[in-house]
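Visitor: Once you've had a glance at the structure underneath, I'll fire off some questions.
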Amino acid sequence: MPSFSQMERARSFLQSPTYGNLVTVLSIDGGGIRGIIPGTILSFLESELQKLDGEDARLADYFDVITGTSTGGLVTAMLTTPDENNRPLFSAKDINAFYLEHCPKIFPQDSAPLIGEAVDMVKNLTGPKYDGKYLHNIVKEKLGDKRLNDTLTNVIIPTFDIKRLQPTIFSSYEAKKKSCVDALLSDICIATSAAPTYLPAHHFETKTSTGETREFHLIDGGVAANNPALVAINEVTKEIHQGNSDFNFSMRPTEYGRFLVVSLGTGSAKCEEKYHANDVAKWGLLAWLTSGGSCPLIDVFTQASSDMVDFHLATVFQALNCEKSYLRIQDDTLEKTVSSVDIATKENLDNLVKVGEKLLKKPVSRVNMDTGALEPAHQSTNEEALVRIARILSRERKVRETQSPHGKAVTSKPN
């Protein structure tokens, strides 16, 4: 069997699910600098695919949908934006190198911590903690003029429109139908990363095919869906029922076994590092915005968003006897500093890499609905589960290539 590198260089897109057995979804949570944790997991998964299909294999060649919120949205764009050779701009192993190089400039740290905390408190009362200029510049530099409809596989990136007070979901599926949604990927990434109190909201405009203008006034997608896995499943389900030719099959609402979902968290603080009711009971607005050197209000709603989606999906997949079709990798044992979204010191960033590496060795876990804590689901480690997933993805790809009339030589994105 030829390796991936021996296949035609124009081959950049996964064949339609119509010709396979599964709909494959990769989901990446929000979490600021903690994007290093899923970055480590993704690097391992891509390396396993390369063992099977050659060193040029990339995640975008195996997932029908890659979805991400906030930092996960940035990772999504990195994995799916085409370079000059129509291959992904970043390999998975490049993600952590990007974070280690650029996070200290995106989230500059004060050299005097005590003074820095006082300055941060004042900033939180008068404006965002960071001006976002470096982030905006580096995202625009890397993603250039590429738009949502240019990605190498379908992407779904949630944001929240502060003017309309409603979620705005940037979906490749919608971009094919509505030109006003086909925004620059740089604008989408800047918007989904604009966490309240940390980074400024983002305003931009798009034009429809008839020349009409649509305005967007966006903040962090974590407000709507910090864990975007369910958003992605909903988008795919909608496309199936609307007759999208990518999904030339019917699917019952309970047929979750047709999905293969890999959902990656960015970690959360261990129980004793979280907040206590006796303290919170005394908080006013200032404390909700600044306690502990972070913004508890943001921590609360993003964590709640992530966990509620995981609760739902874990229950549904288990109830429908397709538990192995859903893999959630998350860590709820982070120390206080490591659980921060913006403490971008070299030591903390290096520690996040170690967290990701240790997480690979931990057992696959499920959330205990009573305690909210992660508990081992069975003896397999996350690493072993990803090896299994890589085999499934590789096999699914080959099944589609065998059954598709297009074969391996696809030179354009499927309609």
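The values are calculated or read from the model by the stated rules, or taken from the named source; none is laboratory data. Just so you know, these numbers come straight off a predicted model, no measurement behind them. Using ideal geometry, Cβ is built from the backbone for each residue, glycine included, and neighbour counts are taken over all protein chains shown. Keep in mind that these areas ignore ligands, DNA and RNA; they rest on the heavy atoms of the full protein, side chains included. Shrake-Rupley method; radii C 1.70, N 1.55, O 1.52, S 1.80 Å.
Visitor: Collect residues whose amide H, placed 1.01 Å from N in the peptide plane, falls under 5 Å from the amide H of I28; neighbours closer than 5 in sequence don't count.
Guide: Close amide H contacts, sequence-distant or interchain: T67, G68, T69, L264.
Visitor: I've got another one for you. Which FRET efficiency, nearest 0.05, do D83 and K362 yield, Cβ-Cβ r, R0 41 Å?
Guide: 0.75
Visitor: Another question, then. Give, as a single signed number, the net charge of other residues whose beta carbon lies under 9 Å from the beta carbon of M78, with Lys and Arg counted +1 and Asp and Glu -1.
Guide: Once positives and negatives cancel, what remains is 0.
Visitor: OK, next. Measure off 7 Å from each Cα along the Cα-to-Cβ vector at T18 and K324, then give the distance between these two points in nanometres to one decimal.
Guide: Taking the simple label geometry, T18 and K324 are separated by 3.0 nm.
Visitor: Between L360, T315, S245, whose Cα lies farthest towards the positive end of the dipole of the chain when Lys and Arg beta carbons carry +1 and Asp and Glu beta carbons carry -1, centred on the Cα centre?
Guide: S245
Visitor: Let me ask you something else. Positive end of the dipole of the chain, charges at C-beta (+1 Lys, Arg; -1 Asp, Glu), about the Cα centre: which of S209, S43, I33 has its Cα farthest in that direction?
Guide: Farthest towards the positive end: S209.
Visitor: Let me ask something additional. Roughly how many nanometres apart are two label points built 7 Å out from the Cα toward the Cβ at L165 and N248?
Guide: Here the answer is 4.6 nm between the modelled labels.
Visitor: A follow-up question, please. May I ask for the angle, rounded to the nearest 10°, between helix 346-361 and the longest principal axis of the chain, with both axes built from Cα atoms and the value confined to 0 to 90°?
Guide: Long axis of 346-361 versus the principal axis of the chain: about 50 degrees.
Visitor: Next question, about the same structure. Which log10 I(q)/I(0) values does the chain give at q = 0.06, 0.07, 0.10, 0.14 Å⁻¹ under the Debye formula, counting every alpha carbon as one identical point scatterer?
Guide: -0.23, -0.31, -0.65, -1.31
Visitor: Using Cα-only point scatterers and the Debye equation, what is log10 of I(q)/I(0) for the stretch 124-206 at each q in 0.23, 0.24, 0.26, 0.27 Å⁻¹, rounded to two decimals?
Guide: Listed by q, the Debye log ratios stand at -1.16, -1.23, -1.35, -1.40.
Visitor: At a probe size of 1.4 Å, how large is the accessible area of T333, to the nearest 10 Å²?
Guide: 70 Å²
Visitor: For the cross-link pairs K140/K398; K176/K354; K140/K346; K133/K207, which exceed 32 Å when the distance is taken from alpha carbon to alpha carbon?
Guide: Among K140/K398; K176/K354; K140/K346; K133/K207, the Cα-Cα distance tops 32 Å for K140/K398; K176/K354.
Visitor: Next up: How much of the accessible area of the stretch 272-356, probe 1.4 Å, is carbon plus sulfur, in whole percent?
Guide: C and S fraction of accessible area: 58 percent.
Visitor: Please compute, over every Cα-Cα pair in the stretch 321-415, the percentage with a separation greater than 17 angstrom.
Guide: 66 percent
Visitor: Right, something else. So how tilted is helix 113-126 from the main axis of the chain? Cα-based, degrees 0 to 90, rounded to 10.
Guide: Taking the Cα atoms of the chain, the angle to 113-126 is about 80 degrees.
Visitor: Additional query: Mind checking the per residue accessible area of the stretch 239-356 for me, 1.4 Å probe, whole number of Å²?
Guide: 49 Å²
Visitor: Could you sort E357, E323 by accessible area so the largest value comes first, with the probe set to 1.4 Å?
Guide: E357, E323
Visitor: So, in nm, how far is label H406 from label F301 when the simple model puts each one 7 Å beyond its Cα toward the Cβ?
Guide: 4.0 nm
Visitor: Do the sum for the chain: with -39,500 (n - 2.57) for every DSSP H run of n ≥ 4, divided by all residues, what is the mean residue ellipticity at 222 nm, to the nearest 500 deg cm²/dmol?
Guide: -12500 deg cm²/dmol
Visitor: OK, next. State the percentage of accessible surface on the stretch 33-75 attributable to carbon and sulfur atoms; use a 1.4 Å probe and exclude ligands, DNA and RNA.
Guide: 42 percent
Visitor: A further question follows. Once amide H atoms are built 1.01 Å from N in the peptide plane, which residues 5 or more positions from T159, or in another chain, come under 5 Å H to H?
Guide: T168, I169, F170
Visitor: Here is a follow-up. Using Cα-Cα distances under 8 Å and only pairs 6 or more residues apart, what relative contact order does the stretch 264-372 have, in percent?
Guide: Relative contact order here is 41 percent.
Visitor: Follow-up. Let me check I've understood the local charge: for N137, count other residues with C-beta under 12 angstrom from its C-beta, Lys and Arg +1, Asp and Glu -1. What total comes out?
Guide: +2
Visitor: Distance between the C-alpha centers of the stretch 9-64 and the stretch 157-200? Whole Å please.
Guide: When both Cα centres are located, 23 Å separates them.
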